[in-house]
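First the structure, in the form of structure tokens, and then the observations on it.
The values are calculated or read from the model by the stated rules, or taken from the named source; none is laboratory data. Quick caveat, the model's predicted, so the values are computed rather than measured. Note: accessible area is taken over every heavy atom of the protein model, side chains too, but ligands, DNA and RNA are not part of it. Shrake-Rupley method; radii C 1.70, N 1.55, O 1.52, S 1.80 Å.
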Amino acid sequence: MVAATPRLPASGYALEVDGRLKVEFTTRDGAMAGGEELKKRFPRLQIRIYDAETKAREEIRIP
């Protein structure tokens with residue numbers, strides 16, 4: 001895990017919380033685990049995983 005960043009990462013994955021990039025991860029599994037834990041603690045937050053390779057975002061939803 002790396003400190004908060006104001007720019008889009010060039011590689012890896014990042015957690016986007018309410019539209020702001022917060023934490024970078026090297027693996028998708030790490031980003032997903034971190035995002036799911038955060039979503040469980042704060043269900044009203046909008047949390048997405050940003051994939052630097054495809055430049056796509058995936059929203060995390062907890063049933």
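Please list, or write none, the aspartates and glutamates whose alpha carbon is within less than 16 Å of the alpha carbon of Lys55, excluding same-chain residues fewer than 8 places away.
Cross-link targets: Glu16, Glu24.
What is the helix-to-structure angle for 28-41, meaning the angle in degrees between its Cα long axis and the longest Cα principal axis of the chain, kept from 0 to 90 and rounded to the nearest 10?
Approximately 30 degrees, to the nearest 10.
Counting only C-alpha contacts under 8 Å and six or more residues apart, can you give the relative contact order of the chain as a whole percent?
Values: 120 pairs, mean separation 20.7, N = 63.
Answer for the chain is 33 percent.
Taking H placed 1.01 Å from N in the peptide plane, check which residues at least 5 places from Gly12 or on another chain put their amide H under 5 Å from its amide H.
Ala52, Glu53
What is the percent carbon and sulfur in the accessible area of the chain, measuring with a 1.4 Å probe over the protein chains and ignoring ligands?
In the chain, the share of accessible area belonging to carbon and sulfur is 50 percent.
Taking 1 over the mean of 1/r across every pair of different Cα atoms in the chain, what Kirkwood radius in Å do you get?
The answer is 11.3 Å.
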